[in-house]
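For reference, the structure is listed below as structure tokens.
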Amino acid sequence: MTLIEKCKIVPRIWKGGLELISRYPRALFPFIFVGIADAVILTVIYLIPREPFSKLLAPVVRAFWGEQFLHYPMNLTLIPKLFQYSHIVMIGFVGVIMTGIAVGMIDQAVKGLNPGIFSALTYALRRFTPLLIVWFTMFGIVSGSFRLTQLVLGRLYAAGYLEALPLSREAVGEFFFWANILFSIVVEVAFLYVIPAIIIERRGLLSAFRRGLALSRKYFLATFLLIFVPSILYMAVIFLKMNITLLSNTFFPEAILWVLGLGIAISVVIDFAVTTAGTLLFLLDKQGSWVLEGGKPARSRVLESEPQPALNAA
């Protein structure tokens, strides 16, 4: 298959994902669950200054950031940072399980079975350790890239090497920030098929890494498009977060909550789009469905079959 033919499959994968989810709406459960978990976390953080949450969490805020961040409106300015930390922890434990469940349910649906939440959950829990290692590897690479960039730029400016640049220090920082965002997408491209290899093919960790990286090389541009296009939505949220203080000062302090809430909703859409598309492409490659019919990639026959009850379906 040529590079152009591989890229042509992208809109067909998206269409297949929408068709799949319209027939099996319960496959949305993992993504909605993560969104609800994020919403609950955001609500709890907002309510930290109030009973009963203040008894447990207010001392933590007071110890690390000071008493002023327990009072309006300063408490709102701390919410993005607290939410970021909490979200990372939640994704590391709950999010990776939900991703495993989503991949398993999509696999069942593509086979023409009614996706079973509990059967997918059972196997995802059994494979929690390799799933966590995959997530931690991605997180470590991306966060390490951001930290290394900050460290290198700071030292270069301190040594005076970048003072001659026609751009301001803020502009240089923003350029490398967005460069790191693009790099994070490339990292996601590299690891997108590792979890399907763990869940669908039941491979060991090292074998799954090899399988996933091989598929990423094989379909790099198509995979990049599958991730980059929906991620454009979240880039708008990132821009709003970068200017969140200005927004809260211009409009009202609670604008911070609206931006974070919008980010949660968009993240649900992106997670669905990327996970579903990646799993479908993985399955199409696995099943040898790249047969060209009339110059167009063949559709997966399982999406046109009648659903059958899955074993242990929820």
Exercise. Any idea which of (1) under 15 Å from residue 188 (Cα atoms); (2) out of contact with any Phe, Trp or Tyr (no Cβ under 9 Å at 6 or more places or on another chain) is the one residue 213 doesn't satisfy?
Worked result: (2)
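If you check 63, 102, 39, 109, which single one turns out to be touching a Pro at 6+ places or on another chain (Cβ under 9 Å), of a type in the set (Gly, Ala, Ser) and farther than 19 Å from residue 135 by Cα?
On the way: 63 fails: touching a Pro at 6+ places or on another chain (Cβ under 9 Å); 102 fails: farther than 19 Å from residue 135 by Cα; 39 fails: touching a Pro at 6+ places or on another chain (Cβ under 9 Å).
None of the others qualify; the one that does is 109.
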For this session: Scan the range 45-56 residue by residue and report those that are under 26 Å from residue 265 (Cβ atoms), of a type outside the set (D, E, K, R) and without any contact (Cβ under 8 Å) to a residue 12 or more places away in the chain.
Result: 47, 53
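Looking only at the range 257-314, filter to residues that are part of a loop (DSSP other than H, G, I, E, B) and under 17 Å from residue 223 (Cβ atoms); which one of those is modelled with the highest pLDDT?
Initial filter on the range 257-314 (part of a loop (DSSP other than H, G, I, E, B)): 287-291, 294-295, 298-300, 305-307, 309-314.
Now narrow it down to the ones that are under 17 Å from residue 223 (Cβ atoms): 289-290.
Numbers: 289: 49, 290: 33.
Taking the candidates together, the pick is 289.
Taking the residues in the range 48-60 that are of a type outside the set (Gly, Ala, Ser) and not in a loop (DSSP other than H, G, I, E, B) as candidates, determine which candidate is surrounded by the fewest Cβ atoms within 10 Å (Cβ to Cβ). Walk me through how you get there before you give the answer.
Filtering the range 48-60 for residues of a type outside the set (Gly, Ala, Ser) gives 48-53, 55-57, 59-60.
Among the residues that remain, those that are also not in a loop (DSSP other than H, G, I, E, B) are: 53, 55-57, 59-60.
On the way: 53: 15, 55: 8, 56: 10, 57: 17, 59: 11, 60: 11.
So, considering only residues that are of a type outside the set (Gly, Ala, Ser) and not in a loop (DSSP other than H, G, I, E, B), the one surrounded by the fewest Cβ atoms within 10 Å (Cβ to Cβ) is 55.
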Problem set entry | Unique match (being part of a loop (DSSP other than H, G, I, E, B), surrounded by 15 or more Cβ atoms within 10 Å (Cβ to Cβ), at pLDDT below 95 and not charged (D, E, K, R)) among 230, 253 | 253
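Matching residues to (1) surrounded by 13 or more Cβ atoms within 10 Å (Cβ to Cβ); (2) touching a residue at least 40 places away in the same chain (Cβ under 8 Å):
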| residue | (1), (2) |
| --- | --- |
| 172 | yes, no |
| 175 | no, no |
| 181 | yes, yes |
| 184 | yes, yes |
| 189 | yes, no |
| 196 | yes, yes |
Problem set entry | Top-ranked residue of the range 70-115 - restricted to ones that are of a type in the set (Gly, Ala, Ser) and within 18 Å of residue 34 (Cα to Cα), ranked as farthest from the chain's Cα centre (by Cα) | 104
Exercise. Exactly one of (1) surrounded by 20 or more Cβ atoms within 10 Å (Cβ to Cβ); (2) over 25 Å from residue 21 (Cα atoms); (3) modelled with pLDDT under 95; (4) not aliphatic (A, V, I, L, M) is unmet by residue 83. Its number?
Worked result: (3)
Exercise. Checking residue 78 against (1) farther than 28 Å from residue 15 by Cβ; (2) at pLDDT 95 or above; (3) touching a helix residue (DSSP H, G or I) at 6+ places or on another chain (Cβ under 6 Å), which test does it fail?
Worked result: (2)
For this session: Determine whether the range 32-47 contains at least one residue that is at pLDDT below 95, part of a helix (DSSP H, G or I) and surrounded by fewer than 19 Cβ atoms within 10 Å (Cβ to Cβ).
Result: no
For this session: Inspect the range 18-31 for any residue being under 23 Å from residue 229 (Cβ atoms), among the small types (Gly, Ala, Ser) and surrounded by fewer than 13 Cβ atoms within 10 Å (Cβ to Cβ) and give the result as yes or no.
Result: yes
For this session: Check whether at least one residue in the range 200-208 is within 30 Å of residue 125 (Cα to Cα), β-branched (Val, Ile, Thr), touching a Lys or Arg at 6+ places or on another chain (Cβ under 9 Å) and crowded, with 16+ Cβ neighbours inside 10 Å, and report yes or no.
Result: yes
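The values are calculated or read from the model by the stated rules, or taken from the named source; none is laboratory data. Owing to the predicted nature of the structure, the values given are computational and were not obtained by experimental measurement. Glycine also receives a Cβ, built like all others from the backbone with ideal geometry; neighbour counts cover every protein chain displayed.
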